[in-house]
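The values are calculated or read from the model by the stated rules, or taken from the named source; none is laboratory data. Everything numeric here is computed off the predicted structure, so don't read it as measured data. Cβ placement follows ideal geometry from the backbone for every residue including glycine, while neighbour counts extend to all protein chains displayed. Accessible surface areas use protein heavy atoms only, side chains included; no ligands, DNA or RNA. Shrake-Rupley method; radii C 1.70, N 1.55, O 1.52, S 1.80 Å.
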Amino acid sequence: MQIQHAYLNDLMERVIQRNPAEPEFHQAVREVLSSLVPVVEARPEFITEGVMDCLVEPERIIKFRVPWEDDQGRVHVNRGFRVQFNSAIGPYKGGLRFHPSVYEGIIKFLGFEQIFKNSLTGLPIGGGKGGADFDPKGKSDSEVMRFCQSFMTELCKYIGPDTDVPAGDIGVGSREIGYLFGQCKRLRNEFTGVLTGKGLSYGGSLARTEATGYGLCYFADSMLKDAGRSFEGATVVISGSGNVAIYACEKATAFGAKVVAMSDSGGYIYDKNGIDLPLVKQLKEVERKRIREYTLTHPQAEYHEGCQDIWQIPCDIALPCATQNELDLNSARALIQNGCFAVAEGANMPCTPEAVEAFQAAKVLFAPAKAANAGGVATSALEMSQNSMRFYWTFEEVDEHLKEIMTNLYHNASSAAAQYGRPGDLVAGANIAGFLKVGDSMLAYGLV
Ligand code: NDP
Ligand code: 2IT
């Protein structure tokens, strides 16, 4: 897939050569550069002043050894990362992912996406991401604690409330954030908002837990309304059953939809009567069990091994909320054939480029991740504000801010798309609107 601009196409080739064997990073960069063609045509200074070349190169990559001992006293060595991608508009901000599939290319793709997402929130946060190839699944609390302490012993040298503020992502939830924050506080002998997603007793923000899933539905609601549609009465399929999926399910249901399927990496459940969300919360948030156990108390529900086929279930709205490239062209075709009219990405880059193209060609309303899932990081930025003020807002106040941020974000992405000749294309609109603020700031700084 060529980029229809000689300089940007050449830049893409250089990105591939300089970052070999990192297909997810290439995929994320290609999408953004393709969207920015009309922008650099209108404003060639982004090329001549070196902004585009700098944009695709992280400001800093930190890569470190994470040794830890399991409960039997055996030593394990994992690899930790923090990619500080772009600080043009604020301190680096973005989550930490603990998953065996993590390598530098995954963190780079996520950090790159985060630049534009964070800019879209309208709040002063730069882009970063981190993580480790550690699998918290099946580990005891003590093992997870020792891992987090070892990870933070190194990471704490590079972060700070005005420098870089990590948060959660896949495999990093409130338990991990607690261990990470406790160790950072101990090592630095200071209590500052150096992480977000903190527990409510030690500086966390109300509504941060719900924010990504709720924000996804607020964004989708704006998109649907603009097209004369709504969640009311719609059948919804959600992949994943983690933080994002659970609160997307909660808000979609509150908006009058019926969610009929959810998944984990083992398989999916299909409950025609509508998902029993309190049970999913109990299984996933409290007991850390597999989604298949849902059928033990709900025999009317079906469990299917493997998560791909969840997209074969007929639905009106699809919300992929698990992981990157989980929804491919075949799945997109099935959704289209079954009459699905909207797809909103809760996960980061869950739809393959071919799937996105198929949705757009079929006029399925499509909300790209960096816009649709920005509610999590936006609320993290609100947590930073509250920490700086040494003050707390109520749940309703934070939720109101979130709603307003997501509604504005939809309108900004939508009008940027129209302004640059791609009306209705929220992929282009989000990339363009996200880029402009960052690009203008980089221009103002000169070559730094
Ligand atoms: P969680 O760890 O809470 O949940 C992840 C869910 O996705 C689990 O159900 C997990 O299943 C499933 N999953 C993870 N990896 C795979 C895989 N390779 N194949 C199939 N299923 C998989 O993470 P979150 O809910 O926080 O994150 C989900 C997505 O949302 C990620 O893409 C993340 O980057 C993105 N995101 C998260 C935000 C946040 O605030 N947390 C903000 C914005 C985006 P299992 O338990 O079996 O592994
Ligand atoms: O992908 C994301 O936006 C996140 N994992 C949330 C990051 C954050 O800093 O809250």
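Can you pull the three principal axis extents for the Cα set of the range 92-212, in Å, largest first?
39, 32, 29
Nearest 20 debye, what's the magnitude of the dipole of the range 302-394 about its Cα centre given +1 on Lys and Arg Cβ and -1 on Asp and Glu Cβ?
460 debye
Please report the carbon-and-sulfur percent of the accessible area for the range 93-202; probe 1.4 Å, protein heavy atoms only, DNA, RNA and ligands left out.
Values: 1820 of 3590 Å².
That share works out to 51 percent.
Could you list the residues of the range 384-402 with an amide nitrogen less than 18 Å from a label point located 7 Å from the Cα of L200 in the Cα-to-C-beta direction?
From the range 384-402, the list is 384, 386-387, 391-402.
Starting from the Cα-Cα distance between L447 and K225, subtract it from 0.36 nm times their residue separation and give me the gain in nm to one decimal. Kindly include the intermediate steps, with their values, before the conclusion.
On the way: separation 222, 0.36 × 222 = 79.92 nm, distance 4.30 nm.
Here the answer is 75.6 nm.
Calculate the spin-label point distance for E41 paired with D276, positioning each point 7 Å from the Cα along the beta-carbon direction, and give it in nanometres.
5.6 nm
How far, in nm, would the chain grow between I61 and T192 when pulled straight, counting 0.36 nm per residue and subtracting the alpha carbon separation? Walk me through the intermediate numbers first.
Details: separation 131, 0.36 × 131 = 47.16 nm, distance 2.35 nm.
Here the segment from I61 to T192 would lengthen by 44.8 nm.
Let me cross-check I62: its accessible surface, 1.4 Å probe, with only protein heavy atoms counted, in Å² to the nearest 10?
10 Å²
Mind listing which chymotrypsin sites (Phe, Trp or Tyr not before Pro) in the range 150-198 are in a DSSP loop and have 15 or fewer other Cβ atoms within 10 Å?
Hits after loop and neighbour filter: F191.
Run lengths n ≥ 4 of DSSP H only: what is the helix-derived mean residue ellipticity at 222 nm for the chain, with -39500 (n - 2.57) per run over all residues, to the nearest 500?
-14500 deg cm²/dmol, from helical runs alone.
May I ask you to list the chymotrypsin sites (Phe, Trp or Tyr not before Pro) in the range 392-448 that are in a DSSP loop and have at most 16 other Cβ atoms within 10 Å of their Cβ?
Counting only loop positions with at most 16 other Cβ atoms within 10 Å, the chymotrypsin sites (Phe, Trp or Tyr not before Pro) in the range 392-448 are Y392.
Determine by what factor the alpha-carbon radius of gyration of the chain differs from 2.2 N^0.38 Å, reporting the quotient.
For the chain, the normalised Cα radius of gyration is 0.93.
Can you give the accessible area per residue of the chain, in Å², using a 1.4 Å probe?
Details: 17780 Å² over 448 residues.
Here the per-residue accessible area is 40 Å².
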